[in-house]
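The values are calculated or read from the model by the stated rules, or taken from the named source; none is laboratory data. Computed from a predicted model, the values in this text were never measured in an experiment. Reconstructed Cβ throughout: ideal geometry from the backbone, glycine too, with neighbour counts over all protein chains shown.
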Amino acid sequence: MYSSGALREGVIPDPIPNSAVKPFSADDSVTRKSRPAPEPYTQFLFLKSNTVSRRFFVYKLLRYGIILPTTRPKARYMQEITAELINDTIAFIKQKMNGEQTGHDWYHIERVWKMSKKIQKTEGGDLPLIELAALLHDLGDYKFYGNNEKKGSLALKGMMDIIGIDEELQNTIAKIIDSSQFIGDATKKPETLEGQILQDADFLDSLGALGIARVFATGGAIRRVIHDPEIPVRQKISKFDYFYKKINGTSRNYFTEKILKLPKLLNTKTAKVIAEKRIKFVVEFLAEFDLEWNLVK
């Protein structure tokens, strides 16, 4: 502590002895020295006052090093997500996903990317992080690596290394992608807003006309039958069944087992509004499909 007169003279004086320091209040016998260190930001709570004198007092304390400014909380990642990094990622994905035949090609990724940006515009969230996660969300898809999640995860990190994404940012992106996946009845709402937006954008691309096309494209690629009335619909789908037993069902049943459940799993108001028209189209398509299959029409 220093005397106010010395501060006005602009000279750094000798500190006042601890014995001369007064307690915080008449009811508090604990001195400043014995007080625990303040938590981040708490030492500046008095800045809420708008008085000039208090602001000047803080300025003087900072100037002479009597108190030090606190640091802000550490960000979830340190690497800056630049436009160049986004463009490098796009170029890599276009080359990597060229010719993919299960509806998880570049055009699917592009739609999820654009939809993520559209949702973020209304809902908020870290836009650069959302963009990067949306662009990368299918690169480590287990289906491309013999239905092996670990191989998919390692492949994703390897490709992020090639793109130039550092380890800290890689971990953040991987968590967002993992939390947004559909895993049957075990699917959960992501903890972060970025994860919720990615999940919504990805689920929306499974609805509507394009969603229908993707179901049958995937079915053909994995040699799954279009429909078989003798194969019952699975009312409950475990993560294991969803990952490894898709071929055991039918494409028609897949709509009941997954697609029709997606609107209830959406997180944001923006996505729910967009989904209304798309799910209506799917329901109408399935009604027509069933009529034609049974030769009613």
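Being in the same structural domain as Ile176 (by TED's automatic domain parsing), surrounded by 17 or more Cβ atoms within 10 Å (Cβ to Cβ) and over 29 Å from the mean Cα position of the chain (by Cα), is that true of even one residue in the stretch 270-288?
No - not one qualifying residue is present in the stretch 270-288.
Return the only residue of Gln196, Gln170, Gln181 being over 27 Å from Ala213 (Cβ atoms) and surrounded by 16 or more Cβ atoms within 10 Å (Cβ to Cβ).
Within the list Gln196, Gln170, Gln181, the selection yields Gln170.
I want to confirm something. Restricting to the stretch 59-114 and keeping residues that are of a type in the set (A, V, I, L, M) and modelled with pLDDT under 80, which single residue is nearest to Met159 (Cα to Cα)?
Per the criteria, the residue is Met78.
If Asn253 meets every condition in (1) buried (at least 16 other Cβ atoms within 10 Å of the Cβ); (2) under 30 Å from Leu129 (Cα atoms); (3) not acidic (Asp, Glu) apart from one, which number is that one?
(2)
Condition (residue is in contact with a helix residue (DSSP H, G or I) (Cβ under 7 Å, 6 or more places away or on another chain), crowded, with 20+ Cβ neighbours inside 10 Å and over 19 Å from Leu291 (Cα atoms)) applied to the stretch 226-236: is it met by at least one residue?
Looking for residues that are in contact with a helix residue (DSSP H, G or I) (Cβ under 7 Å, 6 or more places away or on another chain), crowded, with 20+ Cβ neighbours inside 10 Å and over 19 Å from Leu291 (Cα atoms), one finds none in the stretch 226-236, hence no.
When you scan the stretch 101-122, do you find a residue that is part of a loop (DSSP other than H, G, I, E, B), under 27 Å from Gly220 (Cβ atoms) and of a type in the set (Ser, Thr, Tyr), even just one?
Yes, some residue in the stretch 101-122 is part of a loop (DSSP other than H, G, I, E, B), under 27 Å from Gly220 (Cβ atoms) and of a type in the set (Ser, Thr, Tyr).
What's the total number of residues in the stretch 267-297 that are modelled with pLDDT of 95 or more, assigned to a loop (DSSP other than H, G, I, E, B) and within 22 Å of Asn253 (Cβ to Cβ)?
The total comes to 0.
Just name the residue that is farthest from Lys239 (Cα to Cα) out of those in the stretch 258-277 that are among the basic types (Lys, Arg) and touching a residue at least 12 places away in the same chain (Cβ under 8 Å).
Filtering first and then ranking leaves Lys277.
Determine, yes or no, whether Asp88 is surrounded by 17 or more Cβ atoms within 10 Å (Cβ to Cβ) and not β-branched (Val, Ile, Thr).
Here the answer is no, as Asp88 does not meet what is asked.
Among the residues of the stretch 127-143, count how many are assigned to a helix (DSSP H, G or I) and either in contact (Cβ under 8 Å) with a residue 40 or more places away in the chain or closer than 16 Å to Phe182 by Cα (or both).
Residues in the stretch 127-143 being assigned to a helix (DSSP H, G or I) and either in contact (Cβ under 8 Å) with a residue 40 or more places away in the chain or closer than 16 Å to Phe182 by Cα (or both): 11 in total.
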